[in-house]
Amino acid sequence: MARKKLAKSNVLPSIDLVNASVDFPIYNARGRSIRSALLQRVGGAVSTEADGVTVNALRDVTLSLRSGDRLALVGHNGAGKSTLLRVFSGAYEPSGGSAEIVGKVASLLDITMGMDPELTGAENIILRGVFGGMTIEEARRFIPDVAAFSELGDYVNLPMRTYSSGMTLRLAFAISTASTPDILLLDELISVGDSAFAHKARERIEAMMDRARILVLASHDPKTLRKYCNRAVMLSEGRIVADGTVEDVLRAYGVEADEDATL
């Protein structure tokens, strides 16, 4: 079972997985399309049993990260990268083995998760803050900064269902990046809004990446991984099959040192 603990001031953030596995049993699978859809979502491999099928999204993953690690996740779609990130975030608990995460985690995987369209923007800021471990008063103090960064103006006091999709994403991004975590999890670098806002968003993400003690970044862009990471692992069918420097793992994946092709 995954255990997530907030770091104390004298404890450095860390991630420790020991033989961690994540399985999704499907007991009444009604055809191949269900299996395919789930595989695209979580990755891994499928095993067929008498009472249904099981998606083995992660299998026996042992991995330790410490302060200063900038980990790149490499692998094809469905290799298990997103599932591993969700284990790091605490969203998924291992069905086998263990995962211990020490420190404040920020996950930019599903930035609109937990937001309620019937609540105002300000109420959603408080809601997400409380979900993240803040008190209501602490979360309320973030409202002015989040409203200013998202450029919502008076809309921050209107129900989120009145927002355009772009406004919703700007609010979600501003909430998700309002504070600096110990551990930052990214599935590709996010681009939000028009060019001016996207530039501002990229600057904020890069600042968070610089300040975070541990960074985990999944990307199909070798240039991005080389720029931000100092270590890499490659996944295939839910297993770690390579662990080393970014260049060594990219080479194992088939990308040479002077290549920037999409993974």
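Below is a table of values for the structure above.
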item	result
Separation of alpha-carbon centers, the stretch 53-100 and the stretch 193-263, rounded to whole Å	16
3J(HN,Hα) from dihedral phi, the stretch 80-88, Karplus parametrisation 6.51/-1.76/1.60, rounded to Hz, x for glycine, proline	x, 4, 5, 5, 4, 4, 6, 5, 4
5 angstrom amide H check on G193, placed H, neighbours 5+ away	none
Phi to ³J(HN,Hα) by Karplus 6.51 cos²θ - 1.76 cosθ + 1.60 over the stretch 59-75, Hz, x for Gly, Pro	9, 6, 8, 10, 7, 10, 10, 10, 3, x, 6, 10, 9, 8, 9, 10, x
Pairs from K81/K223; K81/K227; K104/K200 whose Cα-Cα separation, in the structure shown, is over 21 Å	K104/K200
For the stretch 121-216: rounded, prolate or oblate by the Cα gyration tensor [a/c cutoff 1.5]	oblate
Peptides 201-207, 141-147 ordered by average Cβ neighbours within 10 Å, highest first	141-147, 201-207
Charge dipole (debye, nearest 20) of the stretch 121-216; +1 at Cβ of Lys and Arg, -1 at Cβ of Asp and Glu	80
Placed amide H near S236: partners under 5 Å, 5+ positions off or other chain	V241
Distance (nanometres) between label positions extended 7 Å along Cα→Cβ at E100 and H199	4.7
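Each reported figure results from applying straightforward, stated rules to the coordinates on display, with no laboratory input. Keep in mind it's a predicted model, so treat the numbers as computed, not measured. A quick note on method: Cβ atoms are made from the backbone with ideal geometry, for glycine too, and the neighbour counts reach across all protein chains shown.
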